[in-house]
Amino acid sequence: MVQQTAILNPATGVLTGDIVESTCLLGSMEGLFEDEETRKAMPAETVLYKVQVHAPDADAEGGLFFGTSFINPGLVGEEYFMTKGHYHNKRDTAEYYWCVSGQGLLLLMDEAGVATWQEMTPGVLCYIPRRSAHRLVNTGDGVLTIGACWPSDAGHDYGSIKEKGFGIRVKKVDGKPKVMKS
Ligand code: F6R
Ligand code: MN
């Protein structure tokens, strides 16, 4: 029997207890932002986002992971801070994202490369269909906090996004977020 040993603060999304934490630094985002020159000129240790995951049943078929992502506000050139983005290795796995706080966009892309997006404001629950790549973009001034729940055997395929891109980018134009083809 798996023991429930994590605590969720529903107001902040913060998880404590039996969790794994990771941090994504700007230095690990080579080739993902349009303005690679500017990215390289910024401090590599700039924290883009942190992820907390409660992973009680790692890799088990039929298990679930539960996590919270905290994406910092900021820009690389004109492009908002965002997550790496991924398909799931096991393509036939879906995921739920919900917005705890902040302002942002969830970018989605199917396997044919057709991309779309969904606004993420507090309370919005988004079902990410199977076979869809997903990436979070923080378009606000504060931290974008997103809860997530996904199958524990889904895995992450970052390589396809790095190779082929995401189809759309989100930039700050005249002070406002604008989604554009990339
Ligand atoms: C899990 C999931 C999220 C992301 C997190 C960071 O399948 O979608 O927990 O892993 O938001 O984004 P990536 O993994 O794209 O760096
Ligand atoms: Mn995912």
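The values are calculated or read from the model by the stated rules, or taken from the named source; none is laboratory data. Quick caveat: nothing in here was measured; it's all calculated off a predicted structure. Backbone-built Cβ (ideal geometry, glycine too); neighbour counts: all protein chains shown. Accessible surface areas use protein heavy atoms only, side chains included; no ligands, DNA or RNA. Shrake-Rupley method; radii C 1.70, N 1.55, O 1.52, S 1.80 Å.
Take the residues of region 140-182 that are surrounded by fewer than 13 Cβ atoms within 10 Å (Cβ to Cβ) and of a type in the set (A, V, I, L, M, F, W, C): which is nearest to residue 54 (Cα to Cα)?
Out of the qualifying residues, it is 180.
State whether the residues of region 81-102 include one that is among the hydroxyl-bearing types (Ser, Thr, Tyr), away from ligand 1 (no atom under 14 Å from the Cβ) and under 18 Å from residue 34 (Cα atoms). Outline the logic, then answer.
Going through region 81-102, the residues among the hydroxyl-bearing types (Ser, Thr, Tyr) turn out to be 83, 87, 93, 96-97, 101.
After this cut, where a residue has to be away from ligand 1 (no atom under 14 Å from the Cβ) as well, the list is 101.
With the extra rule that they be under 18 Å from residue 34 (Cα atoms), the set shrinks to none.
For region 81-102, residues among the hydroxyl-bearing types (Ser, Thr, Tyr), away from ligand 1 (no atom under 14 Å from the Cβ) and under 18 Å from residue 34 (Cα atoms): absent.
Being under 19 Å from the mean Cα position of the chain (by Cα) and small (Gly, Ala, Ser) is true for just one of 77, 13, 17. Which residue is that?
Numbers: 77 fails: under 19 Å from the mean Cα position of the chain (by Cα); 17 fails: under 19 Å from the mean Cα position of the chain (by Cα).
Matching residue, one of 77, 13, 17: 13.
I'd like the full set of residues that are away from ligand 2 (no atom under 15 Å from the Cβ), open to solvent by 20 Å² or more (accessible area, probe 1.4 Å) and closer than 24 Å to residue 19 by Cβ, limited to region 40-55.
45, 46, 47, 50
The conditions are (1) open to solvent by 20 Å² or more (accessible area, probe 1.4 Å); (2) in contact (Cβ under 8 Å) with a residue 12 or more places away in the chain; (3) more than 9 Å from ligand 1 (Cβ to nearest atom), and residue 107 fails exactly one of them. Which is it?
(1)
Just wondering, is there one or more residues in region 151-158 that are at pLDDT 95 or above, in contact with a strand residue (DSSP E or B) (Cβ under 9 Å, 6 or more places away or on another chain) and in a strand (DSSP E or B)?
Within region 151-158, one or more residues are at pLDDT 95 or above, in contact with a strand residue (DSSP E or B) (Cβ under 9 Å, 6 or more places away or on another chain) and in a strand (DSSP E or B).
Please work out which residue is least open to solvent (accessible area, probe 1.4 Å), limiting yourself to region 56-85 and to residues that are away from ligand 2 (no atom under 16 Å from the Cβ) and either within 9 Å of residue 152 (Cα to Cα) or at pLDDT below 95 (or both).
Among residues in region 56-85 that are away from ligand 2 (no atom under 16 Å from the Cβ) and either within 9 Å of residue 152 (Cα to Cα) or at pLDDT below 95 (or both), the one least open to solvent (accessible area, probe 1.4 Å) is 60.
Can you list residue pairs whose Cβ atoms sit under 8 Å apart, with the first residue in region 11-23 being over 9 Å from residue 52 (Cα atoms) and the second being among the small types (Gly, Ala, Ser) and open to solvent by less than 60 Å² (accessible area, probe 1.4 Å)? Count only pairs 6 or more apart in sequence or on different chains.
Between residues of region 11-23 that are over 9 Å from residue 52 (Cα atoms) and residues that are among the small types (Gly, Ala, Ser) and open to solvent by less than 60 Å² (accessible area, probe 1.4 Å), the close pairs are 12/101; 13/101; 13/147; 17/6; 18/6.
Does region 115-123 include one or more residues that are open to solvent by less than 10 Å² (accessible area, probe 1.4 Å), within 15 Å of ligand 1 (Cβ to nearest atom) and either over 15 Å from the mean Cα position of the chain (by Cα) or within 20 Å of residue 26 (Cα to Cα) (or both)? Working first, answer last.
At the first step, the residues of region 115-123 found to be open to solvent by less than 10 Å² (accessible area, probe 1.4 Å) are 120.
Checking which are within 15 Å of ligand 1 (Cβ to nearest atom) leaves us with 120.
Next, from what is left, pick out any that are either over 15 Å from the mean Cα position of the chain (by Cα) or within 20 Å of residue 26 (Cα to Cα) (or both): none.
No, region 115-123 has no match at all.
Could you give me the residue pairs with C-beta distances under 9 Å whose first residue belongs to region 61-84 and is at positive phi, whose second residue is among the basic types (Lys, Arg) and open to solvent by less than 40 Å² (accessible area, probe 1.4 Å) wherever it lies, and which are 6+ apart or on separate chains?
Listed pairs, sorted by first residue: 77/39; 77/171.
Quick check on this structure: which one of 70, 65 is within 21 Å of residue 108 (Cβ to Cβ) and more than 11 Å from the chain's Cα centre (by Cα)?
On the way: 70 fails: more than 11 Å from the chain's Cα centre (by Cα).
Answer to the selection: 65.
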